[in-house]
Each structure stands twice: as C-alpha cells, then as structure tokens.
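As structure tokens, the structure follows; a few thoughts come after it.
The values are calculated or read from the model by the stated rules, or taken from the named source; none is laboratory data. What you see is a predicted model, and the numbers here were worked out from it, not measured in a lab. Here Cβ is always computed from backbone atoms with ideal geometry, including for glycine, and neighbour counts include all displayed protein chains.
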C-alpha cells in the first residue's frame, strides 16, 4: 500500500543516518555525503561524489581577468604577453624595466688644446659651474703630450668662489712607470709640479679626482688649466679628454 507522508513533514522531521543509499551521484539527486571534517577538502562532481582537495589539474583557466592579482587582492598572474623583455611589475602589469640613467655629467674636450705658457691657462670648454647647496664628486681623465723631452704638461684647477669645501688630487705621467702628484683644496688654485715627460708626441695619462661642497653663496666655475714646464715649449691636452661630475647626498 503506498505511503503518503503527512503535510506536516519538514526538514526537521527527517531522520538521517550513516547510510549512503540516497547520497547524490552522477545519475540521481541525493544527499551530500557525510563530511570528511577536513577544511581543505571540497565535494567534487565525480561519478560517486566525494570530498577531496582541489588539485592544480582541476583548475580550468581561461582568458578572464576577474581573479588576476592586483594591488588589493591575491590572484593569478595575468596572461603573459610573450617575449623576453617584459617583467611583471608590482602594479600587476607586464612592462619592460625602465632604463637606468647615467648619474655622471660629462664635459668632453672637443679639440686638441695647445699652450706654450708656463703659467696656467684655462682649457677651452673644460669647466663646470657647481650649483648652490650641493655635494659633488668629480673626476678627470686626460691625455697629455709634449713636443720636447723632459718638458711635461702641468695640469691645474681654478676654483669657483665661496665654496664650503673643495679638495682635489692630480696625477700626471713623468715617465712610463712614474708620475708626479699634487694635492690641493679650494683655498687656492692647484697646479701639478714639474716632473718631465720622457717620450715626445705620444699621449700619456693624467688623472683628477675630488669633492666639492657648496652652500647658497657659490659663484663661478671650476676650470681645468694647462701649463708648460718651460715657457715657449708647447704641450697639449688631446681631444677626447674629459671631466665628469655628479651630485650625492
């Protein structure tokens, strides 16, 4: 005889037990199976559904960006654009890294500079004007030569005015394996000592390194100078020589 439940039957009147006969399957609706009491397991849609952990292979990914990583949410990496020059930035966008800029400013000697003066002469274009309230590191790399053996080029520095502090170290070749040095500061112009240059008409190296600190009163320029050991004997700074400077804090 058929059984007809009364109209008063509710969810609360159901009596469930650990019997799986009426559990859901791929062929019928049914009860969810008993929980596995594992927080990382979820009910899957297998022929006989069961609680299991979601695997990478279970994920179905498409070209939808809803769950991509952002600056406010964890998420998937956005679709790669292809290529080897772009990288994922902290704003969640693929982009090529910005190119680094050279912190040095170069002042290049455009043409050979000759002098026969025994007093220091300013080299055309070889200067820079320090800005106010700044700290500078500066360097120079020079190629120098002479037309007469034992008469060396002398490298010098003429300072800007009203600097807080300025120091320099100058070195000029005297022979193939020796050099003469001159240390100085911003209290007076600096010029390397006599020392001779044994080989004529061949460039030899000279170097400069120093620091400059300015306040709001600095004026004028820092200028590279050249002199001959002997008046009337020509010496030269070769084009391509340079000074360079940069600020630091």
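When you look at residue 7, is it part of a loop (DSSP other than H, G, I, E, B), surrounded by fewer than 12 Cβ atoms within 10 Å (Cβ to Cβ) and at pLDDT below 80, yes or no? Judged against the criteria, residue 7 is a match. If you go through segment 193-222 and pick out every residue that is closer than 17 Å to residue 169 by Cβ and either without any contact (Cβ under 8 Å) to a residue 40 or more places away in the chain or within 36 Å of the chain's Cα centre (by Cα) (or both), you end up with 11. Of the residues 37, 80, 45, 52, the single one that is surrounded by 10 or more Cβ atoms within 10 Å (Cβ to Cβ) and either part of a loop (DSSP other than H, G, I, E, B) or without any contact (Cβ under 8 Å) to a residue 60 or more places away in the chain (or both) is 52.
Selection of segment 47-87 for residues being over 30 Å from residue 26 (Cα atoms) and in contact with a strand residue (DSSP E or B) (Cβ under 6 Å, 6 or more places away or on another chain) yields 68, 75, 76, 78, 81, 86. Restricting attention to segment 85-105 and to residues that are closer than 30 Å to residue 240 by Cβ and exposed (fewer than 11 other Cβ atoms within 10 Å of the Cβ), the residue that is modelled with the highest pLDDT turns out to be 102. Each residue in segment 133-149 was checked for being over 12 Å from residue 171 (Cα atoms) and touching a residue at least 60 places away in the same chain (Cβ under 8 Å), and 10 of them qualify. When we screen 165, 188 for residues that are modelled with pLDDT of 95 or more, more than 36 Å from the chain's Cα centre (by Cα), surrounded by fewer than 18 Cβ atoms within 10 Å (Cβ to Cβ) and more than 21 Å from residue 112 (Cβ to Cβ), the only hit is 188.
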